[in-house]
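Working notes, beginning with the structure itself.
The values are calculated or read from the model by the stated rules, or taken from the named source; none is laboratory data. The model shown is predicted, which means the values in this text are computed figures rather than measured ones. Cβ coordinates were reconstructed from backbone atoms using ideal geometry, including for glycine residues, and neighbour counts include every protein chain displayed. For accessibility, only protein heavy atoms count, side chains too; no ligands or nucleic acids. Shrake-Rupley method; radii C 1.70, N 1.55, O 1.52, S 1.80 Å.
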Amino acid sequence: MNIQDTMREILRAESEAILNIPVTDAYTRAVELIVDHVHRRGGKLVTSGMGKCGQIAMNIATTFCSTGIPAVNLHPSEAQHGDLGVIQPGDVMLMLSNSGKTSEIVDLVSLARTLYPGLPIIVITGNPDSALARLADVTLPTGGAPEVCPLGLTPTTSTTMMTVIGDVLVVNVMNATGFTRADYAKRHHGGYLGSAARGDVEHGSGK
């Protein structure tokens, strides 16, 4: 199979995986938790994941920040060495683990709830029957499609689906809070998007 054929197969597989992400009422609850704890009560969103999931978690946090929801990314290992102190009682946590068994993330739930027992936890996972999912207030399953990696190991399809789920949360929270272009401009001063938000240039693509 040549590169073009491989590309078509990857595009097909990942597109199907995205379309098969379960659409459930859990998204309503997740959006409500974020809006209530962050937008209304003045808390923040704390995201976390290990390895590749951690990179997606960081991306979700920065996207939320630019759309009016204060968010930070907490490395699960660093949390055990003092960074757990970033969590406050009014926060909500968003945990990412494809297997739902990542020990650092499961441990982080216990550590966070020892600090603040009522802390709400949202989980994005490919395994809705996992230990992590059982600890969550809200579980958002990815659907568990296989990775497009030829070894079936490297996070590829799974991280794509997590990114899309993050986008679903961001867009719906923006809708729920009435976030406007003017609000965006106040938070994004530089680059192309800052100019587009202020109306200095015609909005298109770019940063």
What dipole magnitude, in Debye to the nearest 20, does the chain give about its Cα centre under +1 on Lys/Arg Cβ and -1 on Asp/Glu Cβ?
460 debye
Dipole of segment 33-192, positive end: most advanced residue of 144, 86, 192 [Cβ charges, Cα centre]:
192
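Going by accessible area, probe 1.4 Å, with all protein chains left in place, what is the ranking of 5, 91, largest first? Can you show the working numbers first?
Working: 5 65, 91 0 Å².
Highest to lowest solvent-accessible surface, that is 5, 91.
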Most fluctuating of 57, 196, 131 in the GNM of the chain (C-alpha, under 10 Å) is 196
Distances over 20 Å make up what percent of all Cα-Cα pairs in the chain?
59 percent
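Going through the DSSP H helices of the chain, which span 15 Å or more along their own axis at the Cα atoms while scoring at least 0.5 as a mean Kyte-Doolittle hydropathy?
52-66, 103-115, 157-177
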Taking the Cα centre of segment 2-57 as the origin and placing charges on Cβ (Lys, Arg +1; Asp, Glu -1), which of 17, 38, 54 is farthest toward the positive end of the dipole?
38
Calculated from DSSP H runs of 4 or more alone, at -39500 (n - 2.57) each and per residue, what is the 222 nm mean residue ellipticity of the chain, nearest 500?
-14500 deg cm²/dmol
Under 18 Å Cα-Cα from residue 44, which aspartates and glutamates qualify once same-chain neighbours fewer than 8 residues away are excluded?
32, 36, 83, 91, 137, 167, 183
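Report in % the part of the accessible area of segment 1-150 that belongs to carbon and sulfur, leaving out ligands and nucleic acids; probe 1.4 Å.
Values: 4010 of 7410 Å².
The value for segment 1-150 is 54 percent carbon and sulfur by accessible area.
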Out of residues 5 or more away from residue 142 or on other chains, whose amide H comes under 5 Å of its own, with H placed 1.01 Å from N in the peptide plane?
125, 126, 127
When the Karplus curve 6.51 cos²θ - 1.76 cosθ + 1.60 is applied with θ = phi - 60°, which whole-Hz ³J(HN,Hα) does each residue of segment 130-144 get, with x for Gly and Pro?
7, 4, 5, 4, 5, 7, 7, 7, 9, 10, 10, x, 7, x, x
Heavy atoms of the protein only, probe of 1.4 Å, neighbouring chains included. What is the accessible area of residue 32 in Å², nearest 10?
100 Å²
When you count, for each residue, the other Cβ atoms within 10 Å and take the mean per peptide, how do 136-146, 176-186 rank with the highest first?
136-146, 176-186
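Can you compute the charge dipole magnitude of segment 1-121 about its Cα centre, using +1 on each Lys and Arg Cβ and -1 on each Asp and Glu Cβ, nothing else charged? Give it in debye, rounded to the nearest 20. Mind showing how you got there, number by number?
Values: 9 positive and 12 negative charges, 46 e Å.
Charge dipole of segment 1-121: 220 debye, to the nearest 20.
Only Cα pairs under 8 Å and at least 6 apart count here; give the relative contact order of segment 1-151 as a rounded whole percent. It would help to have the intermediate numbers written out before the result.
Details: 245 pairs, mean separation 34.2, N = 151.
In percent, rounded to a whole number, it is 23.
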